[in-house]
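To start, the structure under review is shown below, and the notes come after it.
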Amino acid sequence: MDDADESPVGAIGRVTVSIPAGGPGEVLVSVRGGTEAFAAWARMPIARHSLVIVADVMSARSVVVEPFPPSS
């Protein structure tokens, strides 16, 4: 797989702009040998500085995230 095609799905990130209900917010995710910012959506609001895991990719610069670790 080429580095440019590396998917962020499964990567852990940190929320840099709070994600409101209906989004978007922003997350920093370690991918492709560096850290990249993505617009982020979630099913629930997620506060700034929270850890998240990337669950899905909407586009090259947009992801769907979930809280990490997941709540039981």
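The values are calculated or read from the model by the stated rules, or taken from the named source; none is laboratory data. Owing to the predicted nature of the structure, the values given are computational and were not obtained by experimental measurement. For neighbour counting, all protein chains shown are included, and Cβ atoms are generated from backbone atoms with ideal geometry for every residue, glycine included. Remember, those area values only see protein heavy atoms, side chains included, never the ligands or the DNA or RNA. Shrake-Rupley method; radii C 1.70, N 1.55, O 1.52, S 1.80 Å.
Summary of values
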| item | result |
| --- | --- |
| Qualifying positions in the range 8-30 - surrounded by fewer than 16 Cβ atoms within 10 Å (Cβ to Cβ) and of a type in the set (Gly, Ala, Ser) | GLY10, SER18, ALA21, GLY22, SER30 |
| Residue within the range 9-21 that is part of a loop (DSSP other than H, G, I, E, B) and β-branched (Val, Ile, Thr) present | yes |
| Filter result (over 10 Å from the mean Cα position of the chain (by Cα) and open to solvent by 50 Å² or more (accessible area, probe 1.4 Å)) within the range 31-60 | ARG32, GLY33, THR35, ARG43, MET44, PRO45, ALA47, ARG48, HIS49, MET58, SER59, ALA60 |
